[in-house]
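The values are calculated or read from the model by the stated rules, or taken from the named source; none is laboratory data. Note that the coordinates shown come from a computational prediction; the quantities given were computed from them, not determined experimentally. So basically every Cβ, Gly included, is an ideal-geometry build from the backbone, and we count neighbours across all protein chains shown.
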Amino acid sequence: MIFISIIIAIVAAEAVIKQVREQNGVSGEKKPFLKGKLYLTKYHNYGAFLNLGQKRPEFVKGLSAGLCLICTIVFVFSMGTKGKTLLKTGLSILLGGAYSNTYDRLVRGYVVDYFGFQVKNEKLGNIVFNISDFCIMIGAFISVLRM
């Protein structure tokens, strides 16, 4: 099934990238790439987006696992219907990212983030992401469009 393959591909790619960053990255060091538009780094996010909830990691873990469960249930039910390819694709992308970050939270105790954008605004330039973050956002957007 193509939709399951999308989830597996995202989770597997992120597992490899995050492991490489854990082994080779220096926390806080910014290495520019793509002509200086992006930078590689290593950052351990103990909360959710922008470190929200970092003082309540158990709550963030539970919320992350709960939201994954809800999205998984919606995904499973959507698989039993004909059509709805856009919804299934969006949920697949969303779940790939969500499973990867939730795995990090539950197993590592933090999410590995590893790249940011080189921008003039210092606050925006210090936000660090991983590919899973974008998968969650893009997948949610596609899913909402279809719903």
Of residues in the range 117-143 being touching a helix residue (DSSP H, G or I) at 6+ places or on another chain (Cβ under 8 Å) and at pLDDT below 95, the one farthest from Lys55 (Cα to Cα):
Ser143
Considering only residues that are without any contact (Cβ under 8 Å) to a residue 12 or more places away in the chain and of a type in the set (Gly, Ala, Ser), which ones fall in the range 100-147?
Gly125
In this structure, is Ser92 more than 20 Å from Ala13 (Cβ to Cβ) and either hydroxyl-bearing (Ser, Thr, Tyr) or in contact with an Asp or Glu (Cβ under 9 Å, 6 or more places away or on another chain) (or both)?
no
What are the pairs with Cβ atoms under 9 angstrom where one residue, in the range 29-49, is more than 13 Å from Tyr110 (Cβ to Cβ) and touching a residue at least 60 places away in the same chain (Cβ under 8 Å) and the other, located anywhere, is surrounded by fewer than 18 Cβ atoms within 10 Å (Cβ to Cβ) and of a type in the set (Lys, Arg)? Sequence gap at least six, or different chains.
Tyr39/Lys30; Tyr39/Lys31; Leu40/Lys30; Leu40/Lys31; Thr41/Lys30; Thr41/Lys31
Checking Asn24 against (1) closer than 14 Å to Ile136 by Cα; (2) modelled with pLDDT under 95; (3) surrounded by fewer than 16 Cβ atoms within 10 Å (Cβ to Cβ); (4) not aromatic (Phe, Trp, Tyr), only one condition comes out false. Which one?
(1)
Among what's in the range 89-147 and is aliphatic (A, V, I, L, M) and exposed (fewer than 14 other Cβ atoms within 10 Å of the Cβ), pick the residue that is nearest to Met79 (Cα to Cα).
Met147
Looking at Ser78, is it of a type in the set (Ser, Thr, Tyr), within 19 Å of Thr41 (Cβ to Cβ) and surrounded by 17 or more Cβ atoms within 10 Å (Cβ to Cβ)?
no
Those residues of the range 103-138 that are over 17 Å from Arg21 (Cβ atoms) and in a helix (DSSP H, G or I) come to a total of 8
